[in-house]
Amino acid sequence: MQARHRAFGLLLLLGGLAACGPIPVDRAERSCLRDAELAGRPRGEVAIGAIGGGSGGTRAAGRVELEISSDYILGRDPSDVFNRCVLRKSGQMPTRVLADQPGWRG
């Protein structure tokens, strides 16, 4: 019985380690575009509106969202951020430079 539990535990450990392995370079490139975009500039959204309150009239409502990466704060080059991200995730350098990536709006 104990051996069966050990074998099951080993299988779970190996399965978890396999999930941490490298991903294909094309998938890493798509995934790392966001990191590169955030290194170039913060992203944000502002929403302002009015809410009707029946006899109480209307009132203003708003929301502000701002996403800033540490790469942006540290002034890192988006191309370098992209290259390091792809290398970390896939174990390979990108097949195309950041400027040639589909979807890059630098």
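The values are calculated or read from the model by the stated rules, or taken from the named source; none is laboratory data. Every value quoted in this text rests on a predicted model; they were computed, and no experiment measured them. As a convention, Cβ positions derive from the backbone with ideal geometry for all residues, glycine included, and neighbour counts pool all protein chains shown. Please note that ligands, DNA and RNA were not included when accessible areas were found on the heavy atoms of the full protein model with its side chains. Shrake-Rupley method; radii C 1.70, N 1.55, O 1.52, S 1.80 Å.
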Per the filter on segment 31-73, residues of a type in the set (D, E, K, R), touching a residue at least 24 places away in the same chain (Cβ under 8 Å) and not in a loop (DSSP other than H, G, I, E, B) are Asp35, Glu37, Arg43, Glu67, Asp71
Which one of these does Gly103 not meet: (1) at negative phi; (2) at pLDDT 75 or above?
(1)
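Counting only residues that are on the phi > 0 side of the Ramachandran plot and at pLDDT below 90, how many does segment 47-78 have?
2
Are any of the residues in segment 89-105 under 30 Å from Arg27 (Cβ atoms) and touching a Cys at 6+ places or on another chain (Cβ under 6 Å)?
No; the residues of segment 89-105 include none that is under 30 Å from Arg27 (Cβ atoms) and touching a Cys at 6+ places or on another chain (Cβ under 6 Å).
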Looking only at segment 88-100, and only at residues there that are part of a helix (DSSP H, G or I) and in contact with a helix residue (DSSP H, G or I) (Cβ under 9 Å, 6 or more places away or on another chain), the one that is surrounded by the most Cβ atoms within 10 Å (Cβ to Cβ):
Leu98
Across segment 45-73, the tally of residues that are open to solvent by 90 Å² or more (accessible area, probe 1.4 Å) and touching a helix residue (DSSP H, G or I) at 6+ places or on another chain (Cβ under 9 Å) stands at 1
Which of (1) closer than 30 Å to Pro22 by Cα; (2) open to solvent by 60 Å² or more (accessible area, probe 1.4 Å) does Cys85 not meet, given it meets every other one?
(2)
